[in-house]
Structure formats: C-alpha cells, structure tokens
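Working notes, beginning with the structure itself.
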Amino acid sequence: MEKARCIAESVIVLQSSRGKTAKQLAELFQVNKITVLHWFTLWEKEGVQGLKLKAGRGRKPKLNTDNPRHVAIVKGLIENENQNLTKVRSQVTDQLGVELSKKTLQRFLKSLNTDGNGSVGV
C-alpha cells in the first residue's frame, strides 16, 4: 500500500509539471486539494523520500504491551476477575486513567497471548 501511495504522489508531481492544477489533480486522485499541496511541499523539501509514509502515524494505543505497568496491572486484574471483563475494564480505567471499551481490552489481552476470556497465557 505504501508503495502504491508513493507512486500516486510521484505521478501527481509529474502531472503538475505537465501543467495540471492542484484542483485537477485532487479530482483525478480523489483527494483534497490541500493534500495535493502538502505532497508538493514534501516533494520540494525531501524529494521522493518525503512522499513515503513515516513511522508514528495513526492513533496511539490506549494500552501498550511494551509498557510493563500496563501489562502488570491488566494481568493482575485478570487474575482477580477472570470471568468479568466489564469489571476489569472499569478497574483499568480507575487505575490507569484510560477509558477503553471491552473490545479494546480483549484485543490487548489477545496481544498478551491470551484467549481474551480472562486466562492469561505464559
């Protein structure tokens, strides 16, 4: 996907050099005109490298498996309340100050190598 995006952005730059306006390019590639202008700026500053997707994009996780505090708290709560994820979710919110859904908690547990029903794998 990243390669296709970079190619599309490169094509936009090429088409611009052939006289296409940012508005025409935005319509052609079904993006906002501001996006096209942003790509031009990246191209001017960094060339092709500027058009590549960079790390760190997107929403940051509410719970992180790399955070030992998150892991310890969730594992401890699961051991005490392994049949009630709703209670665990509420206690995670109280202890970590993080609002999360039951589904988010299930995904976090799965990423810890659990089956999502409260039994924590090793």
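Some observations on this one:
- Val92 being modelled with pLDDT of 85 or more, in contact with a Leu (Cβ under 7 Å, 6 or more places away or on another chain) and of a type in the set (Val, Ile, Thr): yes
- Considering region 41-92, the residues that are in a helix (DSSP H, G or I) and among the acidic types (Asp, Glu) include one that is farthest from the chain's Cα centre (by Cα), namely Glu79.
- Meets criteria (in a helix (DSSP H, G or I), within 30 Å of Ser90 (Cβ to Cβ) and touching a residue at least 24 places away in the same chain (Cβ under 8 Å)) for Val36: no
- For region 93-108, filtering for residues that are in a helix (DSSP H, G or I) and free of Cβ contacts under 8 Å to residues at least 24 places away in the same chain leaves 7.
This table checks each residue for (1) modelled with pLDDT of 90 or more; (2) under 13 Å from Glu9 (Cα atoms); (3) of a type in the set (Gly, Ala, Ser); (4) crowded, with 16+ Cβ neighbours inside 10 Å.
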| site | (1), (2), (3), (4) |
| --- | --- |
| Leu25 | no, yes, no, yes |
| Val31 | no, yes, no, yes |
| Val36 | no, yes, no, yes |
| Leu42 | no, yes, no, yes |
| Lys52 | no, yes, no, no |
| Ala55 | no, no, yes, no |
| Gly58 | no, no, yes, no |
| Val71 | yes, no, no, yes |
| Glu81 | no, no, no, yes |
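The values are calculated or read from the model by the stated rules, or taken from the named source; none is laboratory data. Since this is a predicted model, take the numbers as computed values, not measurements. In this analysis, Cβ positions are derived from the backbone assuming ideal geometry, glycine residues included, and neighbour counts consider all displayed protein chains.
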